[in-house]
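What follows is a set of notes on a single structure, which appears directly below.
The values are calculated or read from the model by the stated rules, or taken from the named source; none is laboratory data. Everything numeric here is computed off the predicted structure, so don't read it as measured data. When we count neighbours, we look across all protein chains shown, and the Cβ atoms used for this are built from the backbone with ideal geometry, even at glycine. Heavy atoms of the whole protein, side chains included, go into the accessibility calculation; ligands, DNA and RNA do not. Shrake-Rupley method; radii C 1.70, N 1.55, O 1.52, S 1.80 Å.
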Amino acid sequence: MAEAYLVEPDLKFVQQLMDLGGGSLKKCYQCATCSVVCNSSPDARPFPRKEMIWAQWGLKDRLVKDPDVWLCHQCNDCSVRCPRGARPGDVLAAVRNYSFLHYAFPSFMGKAVSEVRYLPLLFALPILLLLALLSLTGNPAALGGAIVFEELIPHAYLDAGFITLGLLSLGSIAVGARRFWKDLLENSASHAAGCLGDGEKEAPRTDPGSEGFSRHLLSALSEILRHSKFKDCEANPIRYYAHLAIFYGFMGLFLTTTLVFLGIVLGGIRPPLAPFSAVKVLGNLSALAVFGGLTVVIYQRITQKEQIGRSSYYDWFFIGSLYAITITGILTEGARMARMAMMAYPLYAIHLIFVFVLLACLPYSKFAHLFYRSVAMVYAKYSGR
Amino acid sequence: MPDHKIGVFLCTGCGIGDSLEGEKFSRIVTGRYKIPLFHSHPCLCSEEGIQHIRGELEEKGLQGLVVAACSPRAHADLFDFGPSIPVERVNLREQGVWTHPPQDEDTQMLAEDNLRMGIVRAQKTQPPAPYLPEGVERSLLVVGGGIAGMTAAREAARAGYEVLLVEREASLGGQMARLHRQFPKHPPYRDPEEPGIEALIQKIQGDPQIRVYTSSEIEKISGSPGMFEVTLKCVASAIGMPPRPPEVEERRSEGAGERGSGGKEVVLPISPAPLPPSTPAQFRVGAIVLATGWRPYDATRLEPLGFGRYPNVVTSLQMEEMAFQGNVARPSEGKKVRSVAFVQCAGSRDANHLPYCSAACCMTSLKQAIYLRERDPETKVYLFYQDMRTPGPYENFYQRVQEDPGIFFAQGDVLDIREDGEKNLLVEVDHALFGERIQVKVDLVVLATGMVPTTLDDSAFGNGPQPSGPVSGTGEDASSRSTSHKGESSGSPSPAENPRPKILHLDYRQGPELPILGYGFPDSNYLCFPYETQRTGIYAAGCVRQPMDSAASMEDGMGAALKAIQCIELTARGEAAHPRAGDRSYPELFMHRCTQCKRCTEECPFGMYNEDGKYNPLPNPTRCRRCGICMGSCPERIISFKDYSVDMIGSMIKAIEVPEEEEEKPRILALVCENDAYPALDMAGIRRLRYTPFVRFIPLRCLGSLNLVWIADALAKGIDGVLLLGCKHGEDSQCHFIKGSELAEYRLGKVQETLQRLVLGPERIRFVQVSIADYPQLPGIIDEFAEKINAIGPNPYKGL
């Protein structure tokens, strides 16, 4: 028989989880109602009951390496049914928030996104950058004529800047995701050694290699694109549509931006595009989808606290910045069409600042759930979870 | 008794008149028994019916009544015409027309036999003259000055009774005075409280109705309720409360000022207690409350949990003592305690140790966890339990403790406790909620040990440490979980066999201390009769009765004091205390025929009889509960009550008409305990269940009053079978008189001899244990026995 597992509860970690949105975690008395009502949980070693006791005992190591935390899509059926008000859904969300912090690279960025007091700092950088850019390239005369944003800041600068930022963020999230993946595999090895209890041993999982990985990745991606796991959460069907709208709207905007960029670089097509060009229509529809989805999400978070759960700073930071980008984007376009130069240029500037912040914080904010959850889902496919 | 003037009243309501022929009853009453007064009424329980009876009583000067109507359990208050008029109720309804077909020959015969038995019983009944001893003492003795004893004393004093409070130690307060904090007793039940015992001590000491004797013990108690003679003696080695360090005392006083229950109550240091009597002192009291409390289970028997082996394994009590002294530190070198593991059910709910739950250990550990965390918020507290038992509002406290981020709960068996080189303890637990074995490293282990009643010696439990298996709790032993009832778990020696500490020093023939039931608590029946011991007039309260917390102990003290007062008052009126409260009859012995066989003195469950030097029984009627067990035990049949005797029941049996063999109408006599079996029969009637009409019921005060001569009488008369319906005995005893049904079954073992003499098979007699909830099965039991008797064939003595 294996050695008994030496438990050293991390008191600070318990407190952190409670601060990150899991304030009710100590109320759990392990009845396992949550695991029973959860539609996402597999039959073997179900969640979130075991995560709840690990959270109570401050077992940080186990929780950050636990794929189940990410299989939860936070429908909060468990929280609503919990007889003690322990809100397991919120606790798992808190663990995910902690994971953003835990896997952050560089770690100071993780910290900067974790607390509201660093928020001014996050915005200070893009504001300063923009001011610097304006003072270097600015053309105040542009404000007088027809509204052409190119006149204010040349697209080349913006493209260069945002592409660099995007690549940095992608690199950073890649490091985090890679660490997470390694942890998952290591965790699987301890399962195989029988250290993780429940009496069920699994075959050890080693790195599947790129080929195996891509197979499981494709399968997970198809699931993500279809939002099929999301649909398992029966309690709140509206949320499924809202998330779907945001997801595809965001993808549409990403595609629009890429096409416009390619148009500039390859075809020399200078924006603004004609109002009814295909790309413009795609962009506008996508923006409306994101706006609509976010509006529903925000409305639900404010009015249905029971079902949605307590929204943490991580939630508001992500939702808020995305909403701000969408609204400023739409308003900028509107102002441009209405030929209101005094509105259009400042809105455009604000829009750029929010885009910068969102992009820069991608690996450390809730945005990163796109990556960590995908990794966990790939792992789940791969380990037969 | 022809000069005994009785009247017979028949009620024809509730279907009796429709099913039975009243004319035939009239013939029995006026013809066979020559009783001139027979009245029939359509509704005797109506106001008009009762007035009718009253009128006849006065006009004819009747000395007794037979009311042939419903069960004696119905309308008992309406048919009560005062103690001088005995009323015999003949059950024609529940056990007559409601259980048998109407206008049927057999139903009619059954009803007629019931009437005959009732008339005979009424003729043999005399109104009892109460036993009125002179100078019944109304003061109470309370033994034990802890929370239960002090509450009993105070409540009795408030009810106007003088109290003698005896405490062995040098000061009052008991276990409560040793507490640093107590777990919450007031809404919202979230935070530990000050024990607050000082206020109660002061009230006791300032009460002129209460005389306190500390450093004192009982040397002897003789006599009986209403007239106990108590002798006290001084305890030379009495210990007082340990002094607290001054700064702790100061802090406590401040805290108490803020949180104290009264708010304005000034908490003073415990004032010096009154001195004990210098010479043996004599007192006379009417009743006694035993509140001597508990001792912790001997932790040295928990060696597998490291106690005694490792210095940093302590008990809850030792933990409390450290906190009380304001110095929680590791015993090994006095280092600060930063992590603690509590092991619940240490030596409890375990067939090898205390088989029961002590009710307060869970809350005690929760409380200690909280104050340890308050002392130092970096402290980690682990709590290993089998089941958290926090009944009622204590659930609020449990939830509050759970919310503390530094307290870690785990359900599971503690498998091992080891020490590392630095005297830290490694506790290995099979963590049921993790689903794996875990280890924690702690500075201190606290064993939550259970309570042993002071009436029992530690050695009474268990076989000592066991070499293998989980060392705490009940995990491996499912059977011990189920023994939550009274009774000795198999395998461990009976507590009764072990040496018993001497507390009361009773001058009783059956021994100086209270008899004990399962687990060694001095109970009589913990469910139906709390506080009542097997010695009338002596009531147990607090943890000596059953493990409990201080709130329950206070309730217990109150309850026991009221029971004691009831006993005194009933004794003064010459009436029985519980369970036959108000009964004025008592056993009278025709001593000329006594053979000094000692059966009555030995078999009385309440130790009513003392003995003189020549083994003559010396009755103490105020100790008697009027069950009649002595009457049943006496082979010479010299023990009788005015309204209950061997002759009376024998005559009733003889009044049953047994048809000739050719008629093929067998007769079965059922002797029925009136406490459980008889009401069960009534309930069967209320639900209109059917059973054979060949059975005749005679209620007995307790089946323990069964005298074997009745069985001989019945068989000699030609009755084909005898059924005995008594209470459940053994592990789940439900007998109102402790061992009545058990004694009846034991006596039946001896009836075989009689049967052989009569050349009859033993299967003609059957003993069945019945609980009140068994009424749906009763008809089946009776019919099955009737079929069996039918198969055996008629009694050969029929018609002789």
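Some notes on this structure:
- Listing of strands (runs of 3 or more DSSP E) fully contained in region B:389-457 that carry 2 or more residues being of a type outside the set (A, V, I, L, M, F, W, C): B:407-419, B:425-431, B:436-442
- Only one entry of A:I238, A:I246, A:I264 meets the criterion of being open to solvent by 80 Å² or more (accessible area, probe 1.4 Å) and in contact with a helix residue (DSSP H, G or I) (Cβ under 7 Å, 6 or more places away or on another chain), and that entry is A:I238.
- Subset of region A:20-34 (residues that are more than 15 Å from A:R96 (Cα to Cα), open to solvent by 20 Å² or more (accessible area, probe 1.4 Å) and either of a type in the set (K, R) or more than 10 Å from chain B (Cβ to nearest Cβ) (or both)): A:K27, A:C31, A:T33
- Checking each residue in region B:197-219 for being within 23 Å of B:A156 (Cα to Cα) and open to solvent by 40 Å² or more (accessible area, probe 1.4 Å) picks out B:Q202, B:K203, B:Q205, B:G206, B:P208, B:Q209, B:R211, B:Y213, B:E217.
- Residue check, B:A541 within 30 Å of B:P192 (Cα to Cα), open to solvent by less than 10 Å² (accessible area, probe 1.4 Å) and modelled with pLDDT of 95 or more: yes
- Of the helices (runs of 4 or more DSSP H) entirely within region A:256-346, those holding at least 3 residues that are over 30 Å from A:L101 (Cβ atoms) and in contact with a Leu (Cβ under 9 Å, 6 or more places away or on another chain) occupy A:278-303, A:313-337.
Residues are listed down the side, and each one gets a yes or a no for (1) in contact with a helix residue (DSSP H, G or I) (Cβ under 8 Å, 6 or more places away or on another chain); (2) buried (at least 17 other Cβ atoms within 10 Å of the Cβ):
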site	(1), (2)
B:V381	yes, yes
B:Y385	yes, yes
B:P393	no, no
B:Y398	yes, yes
B:P405	yes, yes
B:L415	no, yes
B:R418	no, no
B:G421	no, no
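- Screening B:F408 against (1) at pLDDT below 95; (2) within 21 Å of B:C362 (Cβ to Cβ); (3) at the interface with chain A (Cβ under 8 Å from one of its Cβ atoms) leaves a single unmet condition, (1).
- Filtered residue count, region B:620-650, keeping only those that are in a helix (DSSP H, G or I) and open to solvent by less than 20 Å² (accessible area, probe 1.4 Å): 12
- Summed over region A:75-101, residues that are under 16 Å from the mean Cα position of the chain (by Cα) and surrounded by fewer than 21 Cβ atoms within 10 Å (Cβ to Cβ) total 1.
- Annotation: of all residues in region A:113-135 being in contact with a Leu (Cβ under 8 Å, 6 or more places away or on another chain) and over 18 Å from A:G21 (Cβ atoms), the one that is surrounded by the fewest Cβ atoms within 10 Å (Cβ to Cβ) is A:L134.
- Flag for B:Q344 being of a type outside the set (D, E, K, R) and at pLDDT below 95: no
- Residue match in region A:9-19 (condition: in contact (Cβ under 8 Å) with a residue 60 or more places away in the chain and more than 14 Å from every other protein chain (Cβ to nearest Cβ)): no
- Taking the listed residues B:A177, B:A111, the one that is of a type outside the set (D, E, K, R), open to solvent by less than 50 Å² (accessible area, probe 1.4 Å), in contact with a Leu (Cβ under 8 Å, 6 or more places away or on another chain) and not assigned by TED's automatic domain parsing to the domain that holds B:C361 is B:A111, with no other qualifying.
- A:Y379 falls short of the stated requirement of being farther than 23 Å from A:P275 by Cα and outside any helix (DSSP H, G or I).
- Residue within region A:270-291 that is open to solvent by 50 Å² or more (accessible area, probe 1.4 Å) and under 18 Å from the mean Cα position of the chain (by Cα) present: yes
- Selection of region B:429-457 for residues being at the interface with chain A (Cβ under 8 Å from one of its Cβ atoms) and open to solvent by 20 Å² or more (accessible area, probe 1.4 Å) yields B:L433, B:G435, B:R437, B:K441.
- Condition check for A:F47: assigned to a helix (DSSP H, G or I), more than 9 Å from chain B (Cβ to nearest Cβ) and touching a residue at least 40 places away in the same chain (Cβ under 8 Å): no
- Within region A:52-72, considering residues that are assigned to a helix (DSSP H, G or I) and of a type in the set (K, R), the one nearest to the other protein chains (Cβ to nearest Cβ): A:R62
- Of all positions in region B:373-390, at least one carries a residue that is within 21 Å of B:N327 (Cα to Cα) and away from every other protein chain (no Cβ under 12 Å).
- Residue in region B:21-31 that is in a loop (DSSP other than H, G, I, E, B), touching a helix residue (DSSP H, G or I) at 6+ places or on another chain (Cβ under 7 Å) and of a type in the set (F, W, Y) present: no
- Residues being in contact with an Asp or Glu (Cβ under 7 Å, 6 or more places away or on another chain) and among the charged types (D, E, K, R) - total across region B:647-664: 2
- Scope region B:321-352; condition out of contact with any strand residue (DSSP E or B) (no Cβ under 8 Å at 6 or more places or on another chain) and open to solvent by less than 10 Å² (accessible area, probe 1.4 Å); matching residues: B:A323, B:F324
- Sole exception among (1) over 18 Å from B:R747 (Cβ atoms); (2) under 29 Å from the mean Cα position of the chain (by Cα); (3) free of Cβ contacts under 8 Å to residues at least 60 places away in the same chain for B:I639, by number: (1)
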